[in-house]
Amino acid sequence: VEAVPLLRSPLTDYLAERGIPYAVAFHHCFRLNYGVRGKRYFAVGFPNMAGGYEVRSRHFKGCIPPKDISLKRNGSDVCSVFEGFMDYLSFLTIRVDNNPDEPRTNEQDYMVLNSVTNLSKAEQLLRPYSRIGCFLDNDQAGQRAYENMKKIFGNRLQDMSHHYKEHKDLNEYL
């Protein structure tokens, strides 16, 4: 696997179709060049904490192991949690579109589960936060994950999915 900067290409066109501008994607994603059974492929890669990548293109959705969560720490006691990295990039896009002059010095922390099955990996890392905003999918798996988190974190947890309740997820809302 080769991870290189994400330059304008069919991959950034794909992200633009999903509502993600190049300026946002460039700072958070890579172009992955990789091979499977002797064939060469390229895709958007989003790194996780264990050295693996979530992988997306028009033709593929998967990961390059190891599968893990992604965490961007900014020294905050507030964390926003996203089910997938497209939702995280969507959040950043919406925030930039709505607040282009917003200062970035006191940003919150961000966690991408990269699958609700990674919730157990996230639990310990989320314990120190005083507030946790959940941007999970509006489906059974997302709601189940939220309910499980609510049992652990109580009132520190906020369900943010009501902001996009008519949509499957934050990316579809975007």
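Figure legend. Inter-residue proximity from the stretch 132-156: first residues more than 24 Å from Ser90 (Cα to Cα) and open to solvent by 50 Å² or more (accessible area, probe 1.4 Å), second residues part of a loop (DSSP other than H, G, I, E, B) and at pLDDT 95 or above, beta-carbon distance below 9 Å, spacing 6+ or different chains. Indicated pairs: Ile152/Arg127. Can you pull out the residues in the stretch 57-85 that are within 17 Å of Asn118 (Cβ to Cβ) and in contact with a Gly (Cβ under 9 Å, 6 or more places away or on another chain)? Result: Cys63, Ile64, Pro65, Pro66, Lys67, Asp68, Cys79, Ser80, Val81, Glu83. When Arg95 is tested against (1) modelled with pLDDT of 95 or more; (2) within 17 Å of the chain's Cα centre (by Cα); (3) among the charged types (D, E, K, R); (4) surrounded by fewer than 17 Cβ atoms within 10 Å (Cβ to Cβ), only condition (1) is not met.
Kindly provide the set of residues from the stretch 63-98 that are at positive phi and either aromatic (Phe, Trp, Tyr) or assigned to a strand (DSSP E or B) (or both), ordered by number. Matches in the stretch 63-98: none. Scanning the stretch 1-25 for residues that are without any contact (Cβ under 8 Å) to a residue 40 or more places away in the chain and outside any helix (DSSP H, G or I), which turns out nearest to Ile64 (Cα to Cα)? Top of the filtered list is Glu2. Filtering the stretch 6-16 for residues that are touching a Gly at 6+ places or on another chain (Cβ under 9 Å) and either modelled with pLDDT of 95 or more or open to solvent by less than 70 Å² (accessible area, probe 1.4 Å) (or both) leaves a non-empty set.
Checking the stated criteria, Asp68 turns out not to satisfy the condition of being more than 22 Å from Glu172 (Cα to Cα) and either small (Gly, Ala, Ser) or open to solvent by 50 Å² or more (accessible area, probe 1.4 Å) (or both).
Within the stretch 115-129, residues that are in contact (Cβ under 8 Å) with a residue 40 or more places away in the chain and open to solvent by less than 90 Å² (accessible area, probe 1.4 Å) reach partners that are of a type in the set (Asp, Glu) and not in a helix (DSSP H, G or I) with beta carbons closer than 6 Å, at six or more positions or on different chains, in the pairs Tyr129/Asp77.
The single condition among (1) touching a Cys at 6+ places or on another chain (Cβ under 8 Å); (2) over 14 Å from Glu83 (Cα atoms); (3) buried (at least 16 other Cβ atoms within 10 Å of the Cβ) that Met160 does not meet is (2).
The values are calculated or read from the model by the stated rules, or taken from the named source; none is laboratory data. Just so it is clear, the model here is predicted, and its values are computed rather than measured. Quick reminder, even Gly has a Cβ in these numbers, built from the backbone with ideal geometry, and neighbours come from all protein chains shown. Ligands, DNA and RNA are stripped out before the accessible areas are found, and what is left, the full protein with its side chains, is counted by its heavy atoms. Shrake-Rupley method; radii C 1.70, N 1.55, O 1.52, S 1.80 Å.
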